[in-house]
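The values are calculated or read from the model by the stated rules, or taken from the named source; none is laboratory data. All of these numbers come straight from a predicted model, not from anything done at the bench. We place every Cβ from the backbone using ideal geometry, glycine too, and count neighbours over all the protein chains shown.
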Amino acid sequence: MYADVSNSWFETSVVLVNDVTDESYEFTKGVEHYYGYTDGESWSEGNRVDDWTIPSVKGGKYHLIVTPTMPYMFVTSSLQYKITIKRDVPTYNNFYWLAGFILVVPLAGMFTAHLRNRQRWSNSSFNPYNTDE
């Protein structure tokens, strides 16, 4: 979603409705962009662009209901906004979870082996882990 906001905000409520089952996915997103000068320095915050992903939408025929909301000052003037919808967008969340899990198991094994090895050498006069000399 993009909105040409300047020292203001824009919000939209979007409902994705299945034409056959009337199942709906509702979400609200917004953008805001503010800027100015304070004590001789310029500042800005926010963004005119936002994107999001709706995971696991079942197949079927859908229609959108888009309800924009903006400050009253823009109701009489023109505010340009654009919503782009893409389907079948790949997400990599499952890959990151799997990679994290695959890394945790060997790291936990290495840590456990290190602790066991320290304990095994603890009473030896040739303890390689002894740091107090």
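For the condition closer than 30 Å to Y2 by Cβ, without any contact (Cβ under 8 Å) to a residue 40 or more places away in the chain, part of a strand (DSSP E or B) and over 24 Å from the mean Cα position of the chain (by Cα), what is the one hit in Y37, Y25?
Working: Y25 fails: over 24 Å from the mean Cα position of the chain (by Cα).
Result of the check over Y37, Y25: Y37.
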Filter result (of a type in the set (A, V, I, L, M, F, W, C) and not in a strand (DSSP E or B)) within the stretch 1-22: M1, V5, V20
Extreme residue, surrounded by the most Cβ atoms within 10 Å (Cβ to Cβ), among residues of the stretch 46-99 that are farther than 16 Å from T12 by Cβ and touching an Asp or Glu at 6+ places or on another chain (Cβ under 8 Å): Y62
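For the stretch 83-128, give me the residue count where each residue is charged (D, E, K, R) and at pLDDT 90 or above. Working first, answer last.
Initially, the stretch 83-128 is screened for residues charged (D, E, K, R), giving 86-88, 116, 118, 120.
Now restrict to residues that are at pLDDT 90 or above: 116.
Total meeting the criteria: 1.
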Out of all the residues in the stretch 44-60, is one or more modelled with pLDDT under 85, of a type in the set (S, T, Y) and not in a loop (DSSP other than H, G, I, E, B)? no
